[in-house]
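The structure appears below as C-alpha cells.
The values are calculated or read from the model by the stated rules, or taken from the named source; none is laboratory data. These figures come from a predicted structure and were not determined experimentally. Here the Cβ is made from the backbone with ideal geometry for all residues, glycine too, and neighbour counts use every protein chain on show. Calculation scope for accessible area: heavy atoms of the full protein, side chains included, ligands and nucleic acids excluded. Shrake-Rupley method; radii C 1.70, N 1.55, O 1.52, S 1.80 Å.
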Amino acid sequence: MLGIRVHIKGPARQKIGAELKKAYDKGASVRTLAQGCGRSYGFVHRLLTEAGTTMRSRGGPNSRSRTAR
C-alpha cells in the first residue's frame, strides 16, 4: 500500500510507475491496480501514462462492438 495523501515524487514515483506498468502489461486493469495499492484510478492512470504505457482500449473482454448488437 502506498498510503493516501502521501506525495510520491522523484525516483520512488518512477519505480512505482514501472512496477504498475509491468502489472498492467501482464493484463491487470487500472481499477485492480488502484485497489491493490490503495490509490485512486486517476493516480494509477497518471503513473502509467508517465511510465510510457500504451493504454488498452476501454471495455475489457466482455464488451461488445456496436455492430454485434
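What is the number of the single condition among (1) modelled with pLDDT under 90; (2) open to solvent by less than 100 Å² (accessible area, probe 1.4 Å) that residue 27 does not meet?
(1)
I need the full set of residues from the range 30-58 which are loosely packed, with under 15 Cβ neighbours inside 10 Å and of a type in the set (A, V, I, L, M, F, W, C), in order please.
55
Please go through the range 39-64 and pick out each residue that is at pLDDT below 95 and in contact with a Leu (Cβ under 6 Å, 6 or more places away or on another chain).
Across the range 39-64, the qualifying residue is only 39.
If I ask for residues that are within 10 Å of the chain's Cα centre (by Cα), in a helix (DSSP H, G or I) and small (Gly, Ala, Ser), which ones from the range 1-43 would you list?
Those that are within 10 Å of the chain's Cα centre (by Cα), in a helix (DSSP H, G or I) and small (Gly, Ala, Ser): 17, 23, 34, 42.
Could you run through the range 31-46 and say how many residues are in contact (Cβ under 8 Å) with a residue 24 or more places away in the chain and among the β-branched types (Val, Ile, Thr)?
1
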